[in-house]
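S.K.: Can you keep this structure in mind? I'll have questions shortly.
The values are calculated or read from the model by the stated rules, or taken from the named source; none is laboratory data. Please read these numbers as outputs of a predicted model, since none were measured by experiment. Cβ sites come from the backbone with ideal geometry, for glycine too, and all protein chains shown count toward neighbours.
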Amino acid sequence: MLDVRDAVVTYGTITALHGISLTINEGEIVALLGANGAGKSTTLRMISGLKSTATGSISFQGQDVSNTKAHDLVGMGMSHVPEGRRIFGRMTVEENLDMGAFNRKGSYADDMERIYETFPILKERRKQLGANLSGGEQQMLAIGRALMSQPKLLLLDEPSMGLAPLIIEQIFQIIAEIRKQGTTIFVVEQNAAQALRLADRGYVMENGRIVFEDDASKLLVDPRVRAVYLGESID
């Protein structure tokens, strides 16, 4: 579904991504791991059209989309949930979901109802302002808004950030359910243990480079990942 080849991204004179390559197959959940500043969010921004590549290529569903604009990629079936949620705080839950369907034509009532079935709390809160939701509810809203564009590929940047453990567990259960409904998922996540238990495969980044990749189950027990990149003990 997605093929990134030798992609380089720069910020002025600073190179943020040094020729990275990765693939995501239809139906997979793929995790991207690494320390703060490794280039994970830049990778998602590059894929979703928010940051241009200096060199290299990006192919989505067999079509070259290198440096394609973000709104065009949404129309092609790619949606990005950014770090920090970025919901519209002065809009209601329902209005935020409406915004997720900006590129849709015709009625999307069935999809709205499907979002409410996936996130029942959003249906209860549908007339409340986004700013008045809890952190977990805002994350659900951000994911729901992205799903309103009917993405084939969903990019998630740190979906567990700032959330309580019980809410994190719920968010990851929802992500697994979204995959079951037919959406391919690429997730950047600091909670490495949780991400690798969810994912099929994983990539590990360091200083703007992908240093290794493997099946998620193997990365979960790899001593290099445990000791150096995850920064935590995985039981």
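S.K.: So Gly77 fits all but one of (1) over 25 Å from Gly208 (Cβ atoms); (2) out of contact with any Pro (no Cβ under 8 Å at 6 or more places or on another chain); what number is the exception?
M.R.: (2)
S.K.: Still on this structure: Just checking, how many residues over segment 157-169 are in contact with a helix residue (DSSP H, G or I) (Cβ under 7 Å, 6 or more places away or on another chain) and either closer than 18 Å to Ala31 by Cα or assigned to a helix (DSSP H, G or I) (or both)?
M.R.: Within segment 157-169, residues that are in contact with a helix residue (DSSP H, G or I) (Cβ under 7 Å, 6 or more places away or on another chain) and either closer than 18 Å to Ala31 by Cα or assigned to a helix (DSSP H, G or I) (or both) number 5.
S.K.: So which of Phe102, Phe60 is aromatic (Phe, Trp, Tyr) and within 13 Å of Val4 (Cβ to Cβ)?
M.R.: Values: Phe102 fails: within 13 Å of Val4 (Cβ to Cβ).
Every option except Phe60 fails the conditions.
S.K.: From (1) part of a helix (DSSP H, G or I); (2) of a type in the set (A, V, I, L, M); (3) at pLDDT 85 or above, pick out the condition that doesn't hold for Val187.
M.R.: It fails just one condition, (1).
S.K.: Same structure again: Checking Asp111 against (1) in contact (Cβ under 8 Å) with a residue 40 or more places away in the chain; (2) part of a helix (DSSP H, G or I); (3) crowded, with 17+ Cβ neighbours inside 10 Å: exactly one of these is not met. Which one?
M.R.: (1)
S.K.: Next up: Scan (1) assigned to a helix (DSSP H, G or I); (2) under 17 Å from the mean Cα position of the chain (by Cα) for the single condition Gln150 breaks and write down its number.
M.R.: All conditions are met except number (1).
S.K.: Between residues in segment 123-147 that are on the phi < 0 side of the Ramachandran plot and modelled with pLDDT under 95 and residues that are assigned to a helix (DSSP H, G or I) and among the charged types (D, E, K, R), which pairs lie under 7 Å by C-beta distance while being six or more apart or on different chains?
M.R.: Arg125/Glu137; Arg126/Glu94
S.K.: Name the residue that is surrounded by the fewest Cβ atoms within 10 Å (Cβ to Cβ), counting only residues in segment 114-149 that are within 11 Å of Glu94 (Cα to Cα) and of a type in the set (D, E, K, R).
M.R.: Restricting to residues being within 11 Å of Glu94 (Cα to Cα) and of a type in the set (D, E, K, R), the top hit is Lys127.
S.K.: Also: Looking at Glu83, Glu113, which one is in contact with a strand residue (DSSP E or B) (Cβ under 8 Å, 6 or more places away or on another chain) and acidic (Asp, Glu)?
M.R.: On the way: Glu113 fails: in contact with a strand residue (DSSP E or B) (Cβ under 8 Å, 6 or more places away or on another chain).
One residue alone meets the criteria, Glu83.
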